[in-house]
Amino acid sequence: MKIKFFVLLVLSVAIMSCSTQQEIVVEEKPFGLSKVEQLTFEGDNGEAYWGPQGQQIIFQSKRDGNGCDKIYIMNADGSEQHMVSPELGANTCSYFSMEKDRIIFASTYGVVDSCPPRPKPQGNKYLWPLFPYDIYSANPDGSDLVRIRENAGYDAEPTVSFLTGRVIFTSEIDDDLELFTMNMDGSDVQRITNHLGYDGGPYFSPDAKKIVWRAWYPENAEDTLRWQENMSLDQVEAVPLSIYTMDVDGQNKVRLTNNGATNWAPSWHPDGKHVVFSSNMDDWNEEAQAFGHNFELYMVAIDGTELKRLTNNTFFDSFPMFSPDGKFMAFASNRDADNPRATHIFKAEWND
């Protein structure tokens with residue numbers, strides 16, 4: 001007993017001696033984004049999405065004299081940027097497969113090989129076109145191009161579960177836009193939404209049990225007529241968009257935002273309990289009685305609580321996506337001081 005007491009006494013003295021000699025300092029980092037780094041410096045860029053190991057980013061860019069977007073891949077530090085999509089047609093919405101042995105994206109290649117015309121402006125309305133995209137897969141270098149989803153209308157916005165390899169995407173059916181899932185080779189197509197209006201921008205949760213997406217549904221006859229007219233013109237009018245979640249089979253829908261603003265570009269926090277998205281909810285113009293064009297990044301819990309604003313500036317910020325390990329976030333922004341009208345890809349450290 002005396003020996004044990006002596007050993008404990010010596011250890012206690014040693015611990016006390018160490019604690020008096022060196023104070024342990026824990027650096028407290030502020031919640032949110034820090035150390036923002038610009039990754040692209042030419043053209044207009046957007047929709048930058050991480051690969052499953054967090055080593056590469058795939059994105060779309062209009063550069064090198066091209067009149068519409070092509071698909072590019074770069075390393076996570078912005079190096080070795082190179083085009084991987086066809087040189088013809090408009091391309092968008094690219095993603096890596098779960099094994100990173102394939103890439104997937106939407107393209108008008110083979111249907112409209114030139115850059116399709118954009119909708120004619122209608123006053124102050126912001127319109128985005130429903131080009132006749134089909135969904136393709138290819139090797140990461142762009143070779144072995146295969147059309148995996150062919151449809152007379154719009155098929156785009158595909159993302160992939162890095163857990164199951166399943167693809168989710170938006171497709172035009174019966175003059176409406178709905179969400180579908182399929183295998184990476186285009187087989188086993190399953191419809192998971194069935195509601196008049198816009199359903200798009202879907203993402204699987206990290207455990208592949210839930211989906212987050214953006215949606216707008218007509219609430220009266222006037223809204224329905226406007227939606228149907230725009231669909232007949234192959235365009236979508238910017239309307240209030242809300243963020244929703246649901247089970248992977250389309251059940252148990254939960255609306256996370258209901259603020260009258262445009263809430264879009266949602267994706268998941270790696271914990272599966274929060275989603276990040278872009279919104280102009282804090283840019284209300286009292287005189288115009290309308291929301292403005294300043295989009296910021298936000299995070300919200302999947303029950304609609306804990307809404308937090310992540311960026312606070314006068315720039316457009318959108319398309320946020322966490323790296324698989326949750327240490328970084330990639331996003332698109334107009335914060336390039338040398339060319340504030342250009343959209344570039346940025347990376348920032350994330351602090352919980």
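The values are calculated or read from the model by the stated rules, or taken from the named source; none is laboratory data. This structure is a prediction, so every number in the text was calculated from the model and none was measured. Here Cβ is always computed from backbone atoms with ideal geometry, including for glycine, and neighbour counts include all displayed protein chains.
Could you tell me whether any residue of segment 289-301 is touching a residue at least 60 places away in the same chain (Cβ under 8 Å) and either surrounded by fewer than 20 Cβ atoms within 10 Å (Cβ to Cβ) or β-branched (Val, Ile, Thr) (or both)?
Within segment 289-301, not a single residue is touching a residue at least 60 places away in the same chain (Cβ under 8 Å) and either surrounded by fewer than 20 Cβ atoms within 10 Å (Cβ to Cβ) or β-branched (Val, Ile, Thr) (or both).
Does at least one position in segment 235-246 carry a residue that is among the acidic types (Asp, Glu) and farther than 17 Å from TYR126 by Cα? Quick ask: steps written out before the conclusion?
Here is the first cut: in segment 235-246, the ones among the acidic types (Asp, Glu) are 237.
When the remaining residues are screened for being farther than 17 Å from TYR126 by Cα, the result is none.
Scanning segment 235-246 turns up no residue that is among the acidic types (Asp, Glu) and farther than 17 Å from TYR126 by Cα.
When both residues are 6+ apart or on different chains and their Cβ atoms are under 6 Å apart, which pairs have a first residue that lies in segment 325-345 and is modelled with pLDDT of 95 or more, and a second that is outside any loop (DSSP other than H, G, I, E, B) and among the polar types (S, T, N, Q)?
Filtered contacts from segment 325-345: ALA332/SER318; THR343/ASN45; HIS344/GLN38; HIS344/ASN45; ILE345/ASN45.
Looking for something at pLDDT 95 or above and acidic (Asp, Glu) - is there at least one such residue anywhere in segment 92-99?
no
As an exercise: evaluate THR314 against (1) surrounded by fewer than 14 Cβ atoms within 10 Å (Cβ to Cβ); (2) β-branched (Val, Ile, Thr); (3) within 24 Å of ASN75 (Cβ to Cβ) and give the number of the one condition it does not meet.
Condition not satisfied by THR314: (3).
So which residues in segment 231-245 are closer than 21 Å to PHE319 by Cα and crowded, with 19+ Cβ neighbours inside 10 Å, if there are any at all?
Listed by number, the residues that qualify are VAL236, LEU241, SER242, ILE243, TYR244, THR245.
Please determine whether any residue of segment 128-146 is more than 16 Å from CYS93 (Cα to Cα), at pLDDT 95 or above, under 23 Å from the mean Cα position of the chain (by Cα) and of a type in the set (Asp, Glu).
Yes, the conditions are met somewhere in segment 128-146.
So GLN289 fits all but one of (1) on the phi < 0 side of the Ramachandran plot; (2) at pLDDT below 95; what number is the exception?
(1)
Which residues, counting only those in segment 136-167, are part of a loop (DSSP other than H, G, I, E, B), on the phi > 0 side of the Ramachandran plot and touching a residue at least 40 places away in the same chain (Cβ under 8 Å)?
Hits for segment 136-167 are GLY142, GLY165.
Which numbered condition trips up ALA342, out of (1) aliphatic (A, V, I, L, M); (2) surrounded by fewer than 20 Cβ atoms within 10 Å (Cβ to Cβ); (3) not in a loop (DSSP other than H, G, I, E, B)?
Status for ALA342: all satisfied but (3).
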